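Only one structure is covered here, and it is reproduced in the block below.
The values are calculated or read from the model by the stated rules, or taken from the named source; none is laboratory data. Since this is a predicted model, take the numbers as computed values, not measurements. Here the Cβ positions follow ideal geometry from the backbone for every residue, glycine too, while neighbour counts run over all protein chains shown. Each accessible area value is taken on the protein alone, full model and side chains, heavy atoms only, with ligands, DNA and RNA left out. Shrake-Rupley method; radii C 1.70, N 1.55, O 1.52, S 1.80 Å.
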Amino acid sequence: MKFFQVILVAFVCCISCNENNADNTASNSGEPVEQEKQSFFPVTDFIKGQLQDIRKDGINPLKFTTANGKTDSAWLKIEDFEKEIGPFLSPVIDSTNLTSLFTEKRFLDQTINAFTFTYDPVKQIPDSFAFQRWDVYVDPQKNTVSRIFLIKKIAADKKQLLTWVPGVNCKIVTVYDDGKGKSGIEKDVTIKWDF
């Protein structure tokens, strides 16, 4: 966990420094500044690190599934938890493979008191890449990730939305939209590991 906090602090500092340098270069020379390579937050590695922490702590998460108006709960083995999260670990979200498809926007959102890193597509996303967008929220006082939100297309008319709250829980919501006005939540899964 401490490793990822160090990465996060370094990531935020690099971004801040790059913004200041880019602004200074543009204003001093009067010439256009060459676009610097974007540095995306390593979402996949962060979630994998969280899974390792849960495994190391020997925690069995509790899963709540709501579908068709009914809610069931069950304890999960860590292996089953990793299978639940598996679809959100591929393809890998990092700087090496996504800078040509997505752009990062960052700002301090004072309404939720968080640095927000938003990743949106810059062009048509290939069918082989199912992620449509994602956001990373960082607590400015603690310099820790407070939440990650991902949208992944799983079928022509279905998406899964993952909200990950580090050290606490995650929520996977499967939504559908048939394109003819019929849409809704098919399934809502909440997995807790902080009791």
Per the 1.4 Å probe, what fraction of the accessible area of region 61-154, in percent, lies on carbon and sulfur atoms?
50 percent
Is any residue of region 87-118 close enough, with backbone N under 17 Å, to a label point placed 7 angstrom from the Cα of LYS171 along the Cα-Cβ axis, and if so, which?
112
Residues whose built amide H sits under 5 Å from the amide H of PHE40, excluding neighbours closer than 5 in sequence, are SER95
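Rounded, prolate or oblate for region 61-127? Axes are the square roots of the Cα gyration tensor eigenvalues, ordered a ≥ b ≥ c, and the cut-off for rounded is a/c under 1.5. Write down the numbers at each step before the final one.
Working: a/c = 2.36, a/b = 1.62, b/c = 1.46.
It is prolate, given that a/c is not under 1.5 and a/b is the larger ratio.
Could you report region 55-195's accessible area per residue, 1.4 Å probe, as an integer in Å²?
Values: 7990 Å² over 141 residues.
Ligands and nucleic acids excluded, the figure is 57 Å² per residue.
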Cα convex hull of region 54-195 - mean projected area over all directions, nm²:
10.7 nm²
At 7 Å along Cα-to-Cβ for each site, give me the label-to-label distance between THR163 and PHE149 in nm.
0.8 nm
A correct Karplus calculation of ³J(HN,Hα) over region 49-62, with 6.51 cos²θ - 1.76 cosθ + 1.60, θ = phi - 60°, whole Hz and x for Gly and Pro, returns x, 4, 4, 5, 4, 5, 4, 4, 6, x, 8, 9, x, 10
Between ASP94 and LYS187, what length in nm is gained on full extension when 0.36 nm per residue of separation is reduced by their alpha carbon distance?
30.6 nm
